Amino acid sequence: MKKIVISLSILVSSLSANAGGLMTNTNYHIAFDRMFARGATTEIDAVYSNPAGLAWGHEGLQLSLNFQKPWQKRDIDISIDNFLANPLAGNPGENFQKKYNGEASAPIVPAIFASYKHDKWVVSGMIGIVGSGGFVEYDEGVPMFSVPITAKVYSKLFQSFAGQRVPVEQADVMARKFTLDTSLKGKQYIYGFQANFTYKFLDCLSAAVGFRANYYDGYYKGHITAIPGQEIAPYVGTEPLVDLHLNCIQRGWGFAPIVSLDFHKDKWTVAVRYEFRTKIKTENDTRTLTVGIRDDSGAYTVTDVKAKAEQYGNAAVINDLSDPDKLGEMAGKVAGYLPNAETRYDMPSLFVAAVGYEFTPRLRAAVEYHYYDDKNAKMGGDRQETLSHGTHEVLAGVEYDINKKFTVSCGGQRTDYGLTDDYQQNTSFACDSYSIGCGGAWNVNEKIRINASYFCSLYSDYEKKLTNAYGTPYNATKTYSRTNHVIGVGIDYKF
C-alpha cells in the first residue's frame, strides 16, 4: 500500500506551528514560545501581542526576525467489533483494530516585526503565517478510505458464495487483497500583514488601532485508486473499486480591524485587545476532477466531473452526487472541489485580556485569557455550528533576568475548543491540550538580543463512537490523538 499524503489544506484544523485557536496562530515571536503569556508585554513582540503597549517600548526603530520549526503526529486509532461478520456464510467476524500513524511537519516558519516610536506615537507592523501551514503524511491511509473499501470487497466476495466459488475460511484474507494507491497532497497557508498605530493619551494609558490583511493560499493535488488484486479479480472484476483524480487550487483575501488598550503604572500592566472576525471566501480553480466508481451491480463508470460541471452547472453534478447509482458514495469527497465553488475559511474574532506584574526589576510574571468566537466564524460545510462553544485559553508565564546578559522564562497554556463528535473528522480533527514552553534570551550587547525556545503541546485523546462506520454495517470506536513540538530562534535589533 503506497503512501497517502493528506494536506493541511484539507485539514482545516490541521497542523501549524500554532498555539492558538482552530484557525488562528498566536505564536509568532520566540518570546511567546518561551513564556506564552505575552499579552502585557511592551517589547518588540507587542506588535502582535499588545500593540498599545509599544507606547512604553524602545524609542526609535527596532526590528525582529524569528524562525520556528514545528513537527507533529496526528494518529487515528480505530476499533471495530465483529468486523466482516456474515452469519449466513458462517463467519462470526473478528475484532478489527488499527492505528493510522500520521506524520505532520511544516517548513521553517518565519515572522518579521518592526516598530518605530517617537515620543507618544508608535507605528508598527508584522508579517507572518497567521493560520495553519504544513503537511501531514499517513503511511497506511486513513480509515475513511480503507475500512469501507475492505468491507465492500468482502461483501462482493460473499455474493459469489452461493456457488461456493470462494471458501468461507479464505474470505478474511482475500478481502484485503487489493492495492490502495493513494497520493493526495496539498497545502494551506494564511499569510498575514498587520499594521498598527499607537498613541499614549496619558502617562498611564495608551491605545492602538490597526488592521490585518490575510491571504489564503491552498491547493489539493493527487489521486485515490483501489485496485483488486489477482486473488479476488475473478470474483469482483479488474476495474478499480474507486478512482479519484483531483487538482484544485483555492485562494482568497480577508481583512480585520484590531483595537487595543494598555494601562501601565508602576509595577502593573493591564492590557486588552480585540481582533474582529476575518471573512475569507475562496473560489475553486479546479484543473482536474474525475471519478471512477463501481455501482452495486458491478458496472464501472468514469465521470469527468469538472467537464460535466462546466457544461451543465454545479447543481446538476450535485444532483448526481446524491444519486447512489451515479456518484453517491463519493459525494463527501468531491462536492467541495467543483469548479468555481466557494468555501469559507474565516478566522474568528479574538478577545484578549492580560495582566503583568514586576515583582522585582529582575522578575516578571503575567496571566492572560483568550476567547475565539469560532461558532460565528464560517467554515466549510458550516462545521462551526457543530462546536459546543468557542475556544477558551488560559495562559501564564514568568521571566527572570539572571544578569544583564541572560534571561530565562517558562510558561503554560490550556486550550479548550468546545469539540463535539459531529465536528471531528478523519481529515480534520482537533484535541484539547495543555502546552508548556521554556527558553531564554542573550543580550549580546545593548542593540542585539537573541531568543531561543522550545514548547510542546500535551493533547487529550478524543474518543468517538460510530454507528454504521463509513457506510458499513459495523459499529466502531475511534480515538484521535496528537503531539506537537516547536523549536525556535530569533534576533531582536534596536537602532
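For the range 262-307, the fraction of C-alpha pairs farther apart than 18 angstrom is 68 percent. Would you mind giving the three semi-axes, in whole Å and largest first, of the ellipsoid equivalent to the range 213-295 according to its Cα gyration tensor? Taking √(5λ) for each eigenvalue gives 54, 17, 8 Å, largest first.
For the range 392-430 and the range 337-355, what is the centre-to-centre distance using only Cα atoms, to the nearest Å? A separation of 20 Å, based on Cα centres. A straight chain from VAL408 to ASP119 at 0.36 nm per residue would run longer than the Cα-Cα distance by 101.0 nm.
Once the Cα-Cα distance is subtracted from the 0.36 nm per residue extended length, the GLU283 to ILE450 segment shows a gain of 56.0 nm. A Cα-only calculation for the range 350-495 places Rg and Dmax at 20.5, 69 Å. Annotation note: trypsin sites (Lys or Arg not before Pro) in the range 388-420 located in DSSP loop regions with a Cβ neighbour count of at most 16 within 10 Å are LYS404, LYS405.
The stretch between SER79 and PHE211 holds 42.8 nm of extra length on full extension. This uses 0.36 nm per residue minus the Cα-Cα distance. Say the cut-off is 26 Å between C-alpha atoms; which of LYS73/LYS465; LYS267/LYS405; LYS69/LYS200; LYS281/LYS306; LYS69/LYS265; LYS281/LYS478 go over it? Violating the 26 Å Cα-Cα cut-off are LYS69/LYS200; LYS69/LYS265; LYS281/LYS478.
Taking amide H as placed 1.01 Å from N in the peptide plane, the amide H of THR286 sits under 5 Å from that of ILE249, ASN340, each at least 5 places away or on another chain. Just so you know, the Rg over Rh for the range 382-467 is 1.20, from Cα atoms, with Rh as the Kirkwood radius.
FYI, it's all coordinate maths here, none of it is from the lab. For clarity, every value in this text was computed on a predicted model and none was experimentally measured. Please note: Cβ atoms are built from the backbone with ideal geometry, for glycine as well, and neighbour counts cover all protein chains shown.
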